[in-house]
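Written below as structure tokens is the structure these notes are about.
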Amino acid sequence: KAGVTQTPRYLIKTRGQQVTLSCSPISGHRSVSWYQQTPGQGLQFLFEYFSETQRNKGNFPGRFSGRQFSNSRSEMNVSTLELGDSALYLCASSRTSGSPGTDTQYFGPGTRLTVL
Amino acid sequence: AQSVTQLGSHVSVSEGALVLLRCNYSSSVPPYLFWYVQYPNQGLQLLLKYTSAATLVKGINGFEAEFKKSETSFHLTKPSAHMSDAAEYFCAVGFGNEKLTFGTGTRLTIIP
């Protein structure tokens, strides 16, 4: 069974631009969560989508948005990029939007975004 | 609110020596606890998880962790380190349907 895939793996953008990242979950998984990983802040939860609806949201500005399609694939968009947005963006999928104790999250390899 | 603290951002051990990575949590209710590993240029891989069953949890690659409620700890151990264990390790805590809160990670270096 194929794992979580993320595209592209690497991106370089300049300040002020916008970017869209894509995540394809494991087949049969309907929940997709996004995380930002930086050396200073570690892993921070951005948001979760389940059945095309945002179910949870972390503490990030409105420049960060996402959506989920009917096939459970998800995209994350960051508008008006800032230098501080440089990070590894990780996507994780799970079968449901339930408890992490019973529904394991599987992570993709991430998209490394560099903002110049 | 839940939180997790990983003591030691960098740990070095000799090949064949005991690996001990420390994790302490704070949670007002019984937590779920996880250890993930991240190899360079890869995503996170689940090593093991505690979900209120046995307090000693065995995971992949010879790792195990023990839940100690009295010490609010969930330390990760491996009896004999291997070069392939070099990676970054993350402890995470969750409860109910809340999303996981991750620690800041511990980078494990194996000395030949």
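Quick notes on this one:
- In order along the stretch A:8-21, phi translates into HN-Hα couplings of x, 7, 9, 9, 10, 10, 10, 3, x, 6, 10, 9, 10, 10 Hz, rounded to whole numbers, per the Karplus curve 6.51 cos²θ - 1.76 cosθ + 1.60 with θ = phi - 60° and x for Gly and Pro.
- ³J(HN,Hα), Karplus 6.51/-1.76/1.60, whole Hz, each residue of the stretch B:107-112, x for Gly, Pro: 8, 9, 10, 10, 8, x
- Residue (of B:ASN61, B:PHE34, A:LEU21) at the positive-pole extreme of the protein assembly as shown, dipole from beta-carbon charges: A:LEU21
- Taking each of A:LYS57/B:LYS69; B:LYS68/B:LYS99; A:LYS57/B:LYS68; A:LYS57/B:LYS49 in turn, the alpha-carbon distance tops 27 angstrom for A:LYS57/B:LYS69; A:LYS57/B:LYS68.
- Mean separation of Cα contacts under 8 Å, 6 or more apart, over the residue count of chain B: relative contact order %: 38 percent
- Building the convex hull from the alpha-carbon atoms of chain B and averaging its projection over directions returns 6.7 nm².
- Taking label points 7 Å from Cα along the Cα-to-Cβ direction, A:SER22 and B:SER12 give a separation of 4.4 nm.
- Relative frequency of Cα-Cα separations exceeding 31 Å in the protein assembly as shown, percent: 21 percent
- Beta bridge orientation in chain A: antiparallel %, DSSP, nearest 5: 90 percent
- Peptide B:37-46 shows a mean partner chain C-beta count of 5 within 10 Å per residue C-beta.
- Distance (nanometres) between label positions extended 7 Å along Cα→Cβ at A:ASN56 and B:ARG107: 2.8 nm
- Per the Cα gyration tensor, chain A maps to an equivalent ellipsoid with semi-axes of 23, 14, 13 Å, ordered largest to smallest.
- Residue mean of other protein chain beta carbons inside 10 Å, B:100-106: 4
- Other protein chain C-beta atoms within 10 Å of residue C-beta, averaged over A:107-113: 3.
- For the stretch A:93-116 versus the stretch B:1-54, the gap between their alpha-carbon centres in whole angstrom: 17 Å
- Pairwise label distance in nanometres, B:SER3 with A:THR96, each label 7 Å out on the Cα-Cβ vector: 3.2 nm
- Residue-wise HN-Hα couplings along the stretch A:70-85, as the Karplus relation 6.51 cos²θ - 1.76 cosθ + 1.60 with θ = phi - 60° gives them from phi, are 5, 8, 6, 4, 10, 10, 10, 10, 10, 9, 6, 4, 10, 4, x, 7 Hz; Gly and Pro carry x.
No lab work stands behind these numbers, since they all come straight from the coordinates. Small disclaimer: the values here were computed from a predicted structure and weren't measured. Please note: Cβ atoms are built from the backbone with ideal geometry, for glycine as well, and neighbour counts cover all protein chains shown.
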